[in-house]
1. For B:TYR152, work out the one condition from (1) out of contact with any Leu (no Cβ under 7 Å at 6 or more places or on another chain); (2) within 9 Å of chain C (Cβ to nearest Cβ); (3) hydroxyl-bearing (Ser, Thr, Tyr) it doesn't fulfil.
2. One residue is enough: does the range C:216-231 have a residue meeting the conditions free of Cβ contacts under 8 Å to residues at least 60 places away in the same chain and assigned to a helix (DSSP H, G or I)?
3. Could you check the range C:464-473 and list, in sequence order, the residues that are farther than 14 Å from C:ILE435 by Cα and either at the interface with chain A (Cβ under 7 Å from one of its Cβ atoms) or in a helix (DSSP H, G or I) (or both)?
4. Does the range A:84-99 include one or more residues that are without any contact (Cβ under 8 Å) to a residue 12 or more places away in the chain, within 13 Å of the chain's Cα centre (by Cα) and surrounded by fewer than 24 Cβ atoms within 10 Å (Cβ to Cβ)?
5. Which of the residues belonging to the range B:1-50 are part of a helix (DSSP H, G or I) and in contact with a Gly (Cβ under 8 Å, 6 or more places away or on another chain)?
6. Filter the range B:106-122 for residues that are within 9 Å of the chain's Cα centre (by Cα) and not in a loop (DSSP other than H, G, I, E, B) and give the result.
7. Among the residues of the range B:13-27, are any hydroxyl-bearing (Ser, Thr, Tyr) and without any contact (Cβ under 8 Å) to a residue 60 or more places away in the chain?
8. Just to be sure, is B:VAL125 in contact with a Pro (Cβ under 8 Å, 6 or more places away or on another chain) and either part of a strand (DSSP E or B) or of a type in the set (Val, Ile, Thr) (or both)?
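The values are calculated or read from the model by the stated rules, or taken from the named source; none is laboratory data. Computed from a prediction, not measured in an experiment: that's the story for all the values here. Glycine also receives a Cβ, built like all others from the backbone with ideal geometry; neighbour counts cover every protein chain displayed.
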Amino acid sequence: MKIGLFIPCFIDAFFPEVGIATLQLLERFKLDVVYPRDQTCCGQPMANSGYDAEASGAEALFVRNFEGFDYIVGPSGSCVHHIRHFFTALDQTEAVRDVRARTYELVEFLHDILKVDAFPWARFPHKVGLHNSCGTLRGLRHARASELREPHFSKPEQLLSKVEGLQFVAASRPDECCGFGGLFSIYNESVSAKMGSDKVHDFARASADYIVSADSSCLMHQRGCAERGNVPIKFIHIAQILNGAAA
Amino acid sequence: MSSRDAILAAIRSHLPKGERPLPAVPTFEDHSPADLIEAFGRALKRMGGRMLQPDPGGDGTAPVKALLADSLLVCSATPEIAGEFDLNDVVDPRSLADVDHAVVRASCGVAETGSVLLTDGDLKVNALAYLAQHLVVLLDPADIVVNLHAAYGRPEFRERAYAVFHSGPSATADIEGVLILGAQGVRSLSVWLVPRKSGQPD
Amino acid sequence: MSERTPDDGPEGIEAQPRGARQRGSKPIDQAEAARRFLAAPRHQQQHDARLWTLRQRRDEQMWAMPEWEELRQLGSDIKEHTLSRLDHYLEMFEAKAKANGVVVHWARDAAEHNKIVQQLLEQHGATTLIKSKSMLTEECGLRADLAKAGIDVVETDLGERIQQLDDEDPSHVVVPAVHKLRTDVAKVFAATIGSDPDNDDPPYLAEAQRNAARPVILSAGAGMTGANFLVAETGAVVVCTNEGNADLCANIPALHIVSAGIEKIIPRMGDLAVFVRMLSRSALGSPITQYTSHFRGPRPGAEMHVVLVDNGRSERLGMAEFWTSLKCIRCGACMNTCPVYRRSGGLSYGATYSGPIGLIIDPTFNARKYSNLPYSSTLNGSCSNVCPVKINIHEQIYAWRKVLVREHETPFVKRAAMRAAGAVLARPTVYRAAIEKTNDALTSLPRFVIYNGMNEWGKGREMPRPPAETFHQWFIRTRGDKP
């Protein structure tokens with residue numbers, strides 16, 4: 001199984017530790033992981049703002065970089081959601097469709113493809129609030145969304161439950177959006193910051209030591225709100241916990 | 001071109017393409033409660049209405065007579081209870097403005113929602129059910145259907161000019177979500193379970 | 001509507017934040033209005049908590065019904081079928097209604113609707129019109145037009161009446177005054193219906209309105225209702241209220257006028273059960289509204305008229321990406337669940353329809369004025385999940401962004417900046433140079449995407465700290481540059 005490692009632009013620039021943890025984690029499963037050097041971005045920042053045509057160059061580059069892999073795996077639910085569902089600025093050739101279909105977010109790859117049921121190297125004895133980003137939750141269906149009448153399931157919860165010592169705490173509004181929303185965080189700054197503040201306070205009231213997510217953009221936003229509001233909560237990406245990060 | 005024709009032409013030129021069949025709507029009866037009367041009573045209470053409890057002995061009229069004993073003005077559309085005047089004589093609905101208690105018989109009840117169905121035939125004057133301060137509804141327990149699917153199959157909806165589900169009294173929560181009963185319509189709705197007299201229309 | 005300045009309330013009472021600034025057809029600045037709403041924390045907190053409660057009650061109803069998701073699918077399928085044969089069902093409705101003694105009118109647009117209503121009222125010598133809630137009549141600006149003709153329109157729904165007396169639009173399709181605190185209502189009523197200014201007890205205020213409304217209801221020359229549904233099979237008009245005010249308006253005056261959008265039609269009585277079972281559960285978490293009224297014909301000695309209104313709906317029907325927004329049954333569940341709406345207030349959108357559904361239908365009324373609205377969303381998708389007729393609202397919000405940037409430059413994101421960003425991100429060597437030039441990705445990455453964006457970010461949050469090296473640099477350093 002040949003894996004193409006997809007490192008989203010803001011992970012590359014702001015959260016390299018998440019990319020490192022992802023690479024190391026995948027290598028723990030003895031997978032052949034390749035990091036295409038010429039990758040840049042999935043095109044989401046332009047496309048989400050409505051500038052579809054302006055995203056086509058980045059999208060075409062993505063396809064060129066990731067042709068020929070069995071799976072393309074990246075630690076960002078929002079990017080993978082964009083790739084699988086909204087990657088439409090370019091001609092939908094067979095190559096494009098193939099790359100899109102093979103692109104997986106890390107949690108769903110571990111859960112659905114590798115079907116990992118143990119992380120013997122991982123230990124995280126803390127109270128953890130699990131934040132499912134909206135793209136991951138409702139777009140990629142990582143877990144049951146609270147609006148829907150269906151049986152409970154959660155891929156990230158299932159993986160994290162295999163980590164020794166980890167204790168889940170529940171927020172009172174388990175899947176309300178935290179307010180990042182990409183451009184929204186700038187355009188509608190006051191509402192975005194309030195949503196983020198409400199989110200971290202909700203987790204704090206539940207006594208979470210850490211907020212964990214499969215999306216660093218949400219974590220970055222929530223951390224900013226927590227620090228501004230003096231809420232003593234720490235933030236970590238799920239890749240880091242599963243890779244055996246010590247707190 | 002008339003507006004009608006212009007609108008229909010515009011619609012026709014914009015109709016979405018593709019097969020979109022009209023689905024059959026199930027009756028959803030398989031989740032029916034065992035005791036329809038009990039379910040109806042619970043749902044009615046939830047909507048802010050109340051069930052008049054039958055007296056153990058006697059002819060069953062005691063609770064409703066007690067309710068009406070101090071009424072300022074009773075107006076009845078149904079033979080079981082006598083009212084102050086004959087609704088058949090009413091031409092202008094406004095003349096019902098001073099009614100305190102209105103007494104009517106429902107065409108049916110709905111266990112799912114605690115609703116009673118009232119028609120222009122049941123009310124004689126439609127406004128009676130809204131101008132009165134309090135509404136007393138007679139309901140034959142045999143007329144309770146399980147849910148709205150069953151209710152909408154009834155002939156009243158094809159035969160009557162006016163048919164309404166009352167589900168408890170008038171209510172609002174428009175100010176800070178505080179629930180208030182008796183917003184614009186009746187302040188209370190009480191249901192008296194009593195079978196129709198034989199010979200009465202269904 | 002005139003410009004409102006914040007009221008100076010007495011000590012300790014927070015002034016009510018007012019809605020978006022209206023400047024003709026200039027784009028509405030929803031973010032600015034939201035900022036002012038958030039600057040009134042008691043109002044914002046009450047608004048958010050109240051609507052979240054409605055969302056939770058909706059969830060409770062959902063869990064009590066094993067067939068909930070099946071009903072949603074049925075609702076969606078029935079509506080899509082109906083819209084695909086809209087002309088056929090409208091003609092069927094008209095024929096049945098006429099046979100029942102109802103007069104049916106057709107109005108191409110808001111002006112025509114208002115003219116038809118005015119003519120009917122003048123023919124009947126009615127100088128006062130009592131009405132129940134109708135978003136369509138808000139859309140048409142009916143009250144203002146009738147006022148010019150000397151006809152007094154009196155809202156009978158409590159929330160609508162509060163808003164009318166305060167010269168403010170309704171802020172939510174189901175609970176029009178949800179943005180107001182009881183202190184705001186007490187102030188409005190004291191100034192208009194003579195209630196005690198020091199009594200803000202909701203039961204007292206509701207009773208005051210009941211007593212003020214009753215004589216008006218009894219003397220009105222005509223009554224108007226909206227329509228939640230029109231049933232083609234029987235020619236019935238269905239109206240759902242909790243107060244019973246629609247039934248007062250329809251059953252007392254000798255003239256009953258129904259204003260209905262053409263998209264309200266459904267085929268059969270049996271279909272009605274699907275929608276009635278979902279409407280109030282979705283809106284308020286209540287199994288059904290207190291009153292569900294079915295009008296099939298006029299009372300003896302009275303008249304019943306239905307005005308079918310297009311006002312852009314037939315046009316919207318032809319929009320491949322947006323026509324399914326016509327399925328909307330105006331339940332407001334999308335507003336209740338929307339985290340942005342709950343913190344902004346409905347008036348911040350500056351349009352008849354606010355919240356998620358507003359974002360996707362308002363641009364069809366005025367693309368320029370509402371060109372920013374689709375950006376008042378995080379695209380989180382909760383709205384689509386609560387929609388009882390499965391409108392893919394968040395996907396349509398996304399689609400509108402693409403449509404609107406083609407024609408209306410969004411002021412906060414420059415096309416030139418996006419083009420530059422796209423060009424850089426398409427070329428790896430240029431991108432690497434830009435990111436790693438100053439070794440401070442924080443300033444270089446967002447700069448070409450958003451002008452001055454980081455100043456905005458920093459208003460409510462601490463800045464992310466730039467790392468020592470990028471992932472790319474780490475990889476080259478530790479794993480070497482080999483392919």
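1. Among (1) out of contact with any Leu (no Cβ under 7 Å at 6 or more places or on another chain); (2) within 9 Å of chain C (Cβ to nearest Cβ); (3) hydroxyl-bearing (Ser, Thr, Tyr), B:TYR152 violates only (1).
2. yes
3. C:PRO464
4. Narrowing the range A:84-99 to residues without any contact (Cβ under 8 Å) to a residue 12 or more places away in the chain: A:91-94, A:97.
Cutting the leftovers down to within 13 Å of the chain's Cα centre (by Cα) gives us none.
Among the residues of the range A:84-99, not one is without any contact (Cβ under 8 Å) to a residue 12 or more places away in the chain, within 13 Å of the chain's Cα centre (by Cα) and surrounded by fewer than 24 Cβ atoms within 10 Å (Cβ to Cβ), which makes the answer no.
5. B:SER13, B:HIS14, B:PHE40, B:GLY41, B:ARG42, B:ALA43, B:LEU44, B:LYS45, B:ARG46
6. Of the residues in the range B:106-122, the ones within 9 Å of the chain's Cα centre (by Cα) are B:106-109, B:115-119.
Those that are within 9 Å of the chain's Cα centre (by Cα) and not in a loop (DSSP other than H, G, I, E, B): B:CYS108, B:GLY109, B:SER115, B:VAL116, B:LEU117, B:LEU118, B:THR119.
7. Let us first name the residues in the range B:13-27 that are hydroxyl-bearing (Ser, Thr, Tyr), namely B:13, B:27.
If we keep only those that are without any contact (Cβ under 8 Å) to a residue 60 or more places away in the chain too, we end up with B:13.
Yes, some residue in the range B:13-27 is hydroxyl-bearing (Ser, Thr, Tyr) and without any contact (Cβ under 8 Å) to a residue 60 or more places away in the chain.
8. Values: in contact with a Pro (Cβ under 8 Å, 6 or more places away or on another chain): yes; either part of a strand (DSSP E or B) or of a type in the set (Val, Ile, Thr) (or both): yes.
Judged against the criteria, B:VAL125 is a match.
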